[in-house]
Structures are given as C-alpha cells and as structure tokens.
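Everything below concerns the one structure shown next.
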Amino acid sequence: MTPKRLIDPRLTDPFRFFIFFMLFGLVALAAACANSPLSLAETVEQKYDAVRLTYDALLTPAVAAIEDEALPIEARRQIQSLVQQSATVYALGIDLYVEYRAARAAFAAGDSPESRLRIATDNLERWADRLETVLDSIALAL
Amino acid sequence: MFDTITTFLTVLARLAAARNGVDDDVARFFRIGASLVDKGAQGKDAFEAATAKMRELVDENRSMTDEENLALEESIADKLARAAAVDLNTEGGHE
C-alpha cells in the first residue's frame, strides 16, 4: 500500500508553483500602482522626481532578489541583467536634468530663448517615459 | 497579509524539510514561494514610501530639494552597486 503523502502532489509541480506566485506578485503590484508617484506628479520636475522615487522603490525588491540564494539562478540573472540595463537609462536622466535646470535658469535670466527650455523639457519627459518602460520590465520580472 | 503568508510558507518549508529526502523539492519550492512573497512585501513597503514622498511634494507644490536629490541618488547608486556586486556567473551564484 502506498503511504498517503502529507502534501498534495500538485504543489510539487514547479511550473504551477511559479505561475501562482507570479500572478500573486502581479496582483499585488497592480494594487500598489493604482495610486503611484507617477500618477501624482503634476509638473515635469515632479515627474522626474516621481520616476526616480519609483525606480528606487523597485530596486529594493530587485536587489533583494538578486542577492537571494533561495531563488533560481536564472531568475536572479534575468533581474540583474534588467537592473544593469536600467542603470544606463537612469544615468542619462541625470545629465538631462542638469541641462533642463541650466536651460530654465538661462531662460529666467533672459539669456536663452524659450526653444532651448522647451527642448530640454521634452528630452526630460521622453527620458522619464523611457525609464518608466524599463521599470515595467523589472516589475514584470519580479 | 504579506507577513502572514511569508510565515505560513516558511513553516510549511520547514515541515517539508523535516521529512525525508523525497520532499526536498517540495521544501525548495515553498522556500522559493516564501522568498517571492517576501520580495513582494519589501517592494510594497518601498513603493508606499515613495508614493507618500511624492504626495508630500505635490501638496507642498514643489520638487525635491538638493539635499533630497542627493539622498535619493545615493540610495539608487548604493542599490545599483549591490546589484552589480553579485557574481551570478559562478556556480550557485555566490558573491
């Protein structure tokens, strides 16, 4: 007679187990995103702050996952790769923000045309959108 | 809720680990599950803190000060450095 197993064998299926927790994570993330820093931002500077605050928040579980030896190595590698890609995009934003502030100060002082400020603003907004896309990729991988 | 689920899964992992070798895989998957739920809890807390900070900025009709910017950039730089410091190319992914 085969002894009855303590744990339902269906729980030992790794694929089902991962799907369950991926779905759980997505539901939790969706609930959290309903009221996000990005949805609150009203100006281009606040959007710049919001996307970086979101990035910092997302890096917390991402780094913890990369450092967690209990997780499968492939999953950790994928998250690490995405974080490395995001770092490149993030660094670009710092330069664009410096340019935006310089353009804004020059315009306020009457030393620069509005077109320079408009271009700097557009570049900063495009960067924020790009980083937001990268953040979505990391959130999905988590 | 996250704490409860994490505790539940950790207890199940220990129970499974306490049994004989046949349940090693079960223990492993419960450990993974508990770990993922824990990451979700960490992310949720960090995200709520970020949202609270953003609400403060909007309520005060301002963007971050230089000091706040510096603190945020240092926090991000620290996490990026930690992420890069983990060598996952070696077997097992140990640092």
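In terms of surrounding Cβ atoms within a 10 Å radius of their Cβ, A:D136, B:D66 rank from fewest to most as B:D66, A:D136. By the count of other C-beta atoms within 10 Å, a proxy for reagent exposure, A:K47, B:K44 are ordered fewest to most as B:K44, A:K47. Taking the centroid of alpha carbons for each part, region A:34-91 and region A:102-125 are 29 Å apart. Fewest neighbouring Cβ atoms within 10 Å first, the residues A:I79, A:I119, B:I32 line up as A:I119, B:I32, A:I79.
Globularity index of region A:82-138 is 1.31 (Cα radius of gyration / 2.2 N^0.38 Å, N = number of residues). Mind listing which trypsin sites (Lys or Arg not before Pro) in region A:100-131 are in a DSSP loop and have 11 or fewer other Cβ atoms within 10 Å? Passing both the DSSP loop test and the Cβ count: no residue.
Taking amide H as placed 1.01 Å from N in the peptide plane, A:L142 has no amide H partner under 5 Å among residues 5 or more places away or on another chain.
FYI, it's all coordinate maths here, none of it is from the lab. Quick caveat: nothing in here was measured; it's all calculated off a predicted structure. Neighbour counts run over all protein chains shown; Cβ positions are idealised from the backbone, glycine included.
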